[in-house]
Amino acid sequence: MKAMKAMKVLFVLAVSFPQFACSAGAPPAAVHSPASSAGLASDATSVVIPDLSGQDGATAGKALRALGLTVEYQSDSGKSVIVASNWTVLATHPSAGSPAMSESKITVHVAKPARTSAPESAMPIAPPDPPAPSDPEQPAVPSSTWYANCAEARAAGAAPIFVGEPGYSTKLDRDKDGVACE
């Protein structure tokens, strides 16, 4: 592993500063420079990192793996990247245009795309729910019979009053069993 890192450093130095590159008796002219007609893209062991900004993470990952690179995702929020296609590429490290050795690890920095709402015409508008009755035990149709208290209901001869009968109210049903003024 250390030898691989040392080779990467030497390669980057050789590409960046060809005038100082000499290896095992090879003359400096044997080192590929960025200006050479062969370039890095044609070298079997080196590649140029493409600009993947704005692509989804899965597409970017496929492109980098096709170049023989290892991909690691890092989100801007610190969240784990489980489904790469749900993320948008911000940048790579090393950056686009940089040389890299085959099998190098490339960190792809990603972010979740901002959610966009659908156009209003495409969004179905549901009618508002009717207001819930304040007392589910009371009948849906209000009764014209009403008692202020159980004494009044008893005096009218209506006690006991069952749920659904005229005059029933939960305020008259102390134990909330459906029978008022027991």
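The values are calculated or read from the model by the stated rules, or taken from the named source; none is laboratory data. Keep in mind it's a predicted model, so treat the numbers as computed, not measured. For neighbour counting, all protein chains shown are included, and Cβ atoms are generated from backbone atoms with ideal geometry for every residue, glycine included.
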>> I need a count of the residues in segment 140-162 that are surrounded by 15 or more Cβ atoms within 10 Å (Cβ to Cβ) and part of a loop (DSSP other than H, G, I, E, B).
In response: 4
> Can you find even one residue in segment 120-130 that is farther than 30 Å from SER75 by Cα and either acidic (Asp, Glu) or modelled with pLDDT of 85 or more (or both)?
Replying inline: yes
